[in-house]
Amino acid sequence: MLFSLEPITPKFEVFKQLNNELLYFLEQALPVGTFTRNSLSAGAVGKACWDNVKGTKGKERLTKDKFQELHSELQKLTSAERKNLFETVRDNQNLQGLFAAPNHQLLTFLTPGCLIAFKELASHLYCSTKSLQPVIDACGGVAINTHFNNFKMVNGDVCRACGLERIAPFRANTPLEEQWRADYDHLLCKSKYPLYAVHPDNLFPICQICNQDAKKAEDLFFCRSTNRARTAFYPFTESAKDYVALALKNDRDPEVCIQLNWQTDDALILEKLNTWNDVFQIKNLVEGRLVSLANIIQDELNPTSLIDLQNILARRVAPPPNADTLKRKPEVFWLHKLYSYLASIDLALIWDQCHFIEEEHGQPGGEYILVG
Ligand SMILES: [Zn+2]
């Protein structure tokens, strides 16, 4: 995460209660027995899950069926294994604690059948149960679109993972509840960590590129390419923003390239930065966005001379963008990093190199593109 989430980020009540329901179910399934109404809580959320059965939607298997299938698999385990599952889920509810001591093998003791049933229930709770009207009614009437708007009120429009994109566009003349919203990212993916499929601290919206193009089901605690366990930033309290810097990749190359570097010697923070980069492809995305320095100078700064460029940069660097601007406007964080770097080096070199690129492409006069 480039930016941590605000401490007052609202928790989605539906997730809280569905997560409680899951925990209740696992505890009720400890003794040998059959699946009954008492397997779910007596309250409105338990009733909504119980009442959501096969019926008008044909062959689709709904919430009650998913609970029942997991119950059936749990009955095939020993009582010690059922107890182990319940205690694992109960004792790992503190995600901040888990991020401090990551464990990517929480559920490895489960049988394949039990794990599949757990994943299917978890996926169903997230994908199909959270939007049932009786569930929403039981959770104060706040649906996910309202929670999304409340999240944006606190954390802004800019993706907290990358700082490059909006999490969703805002449409004028459109009621809040009808605004488009971003998908919620499962920090710990639900396919590997079904116990967190509806955990309120495991879910928040990020941009589509981060969620669906880059991260997908990557495991924050385990790197596939190195086959090693790893640590990751806990997004409510930790972030990368203080440890990143931009610089020229090779200042003798005619194609001026900007490179994103880590700015810390702390081994643990370096590991978390590398996890962030591996999961969200941050270096490639940032360097890709800044791939043409000449274009950025023209598009964003539009200087008329080298002196003008130096003066514009001095104004852009100080004061830095304030917290509200960083939440409202994508790219501002990265552009400020870029301007800070450019203001610290010999700009004559950059100026000449930008000219060089244009002359290489046959544009008449070195200042053509920069002067406009
Ligand atoms: Zn993003």
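Listed values, structure above:
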quantity	calculated
Proxy reagent accessibility, fewest Cβ within 10 Å first, across I116, I282, I269	I116, I269, I282
Relative contact order (%) - the chain, alpha-carbon pairs under 8 angstrom, separation at least six	18
Ascending count of other beta-carbon atoms within 10 Å, so fewest first, for W351, W276	W351, W276
Surface/4 estimate of mean projected area, convex hull on alpha-carbon atoms of region 73-158, nm²	8.1
In Hz, Karplus ³J(HN,Hα) per residue of region 91-108 (6.51, -1.76, 1.60; θ = phi - 60°; x = Gly, Pro)	8, 10, 6, 7, 5, 4, x, 5, 5, 6, 9, x, 9, 8, 10, 4, 10, 5
Amide H partners (placed H, <5 Å) of F204, local residues excluded	D185, L187
Spatially proximal lysines relative to K329 (Cα-Cα < 29 Å; intrachain offsets below 8 disregarded)	K11, K152, K215, K216, K241, K249, K272, K283, K337
Fewest-first sequence of D183, D265 by Cβ atoms within 10 Å of each Cβ	D265, D183
Relative contact order %, region 1-159, counting alpha carbon pairs below 8 Å whose residues are six or more apart	34
Semi-axis lengths, Å, the chain, gyration tensor of Cα atoms, sqrt of 5 times eigenvalues	49, 22, 16
Sequence ranges 209-220, 97-108, ranked by mean other-Cβ count within 10 angstrom, highest first	209-220, 97-108
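Laboratory data are not the source of any read-out in this text; all were calculated from the coordinates shown. The model shown is predicted, which means the values in this text are computed figures rather than measured ones. Glycine gets a Cβ as well: all are built from the backbone with ideal geometry, and neighbour counts include every protein chain shown.
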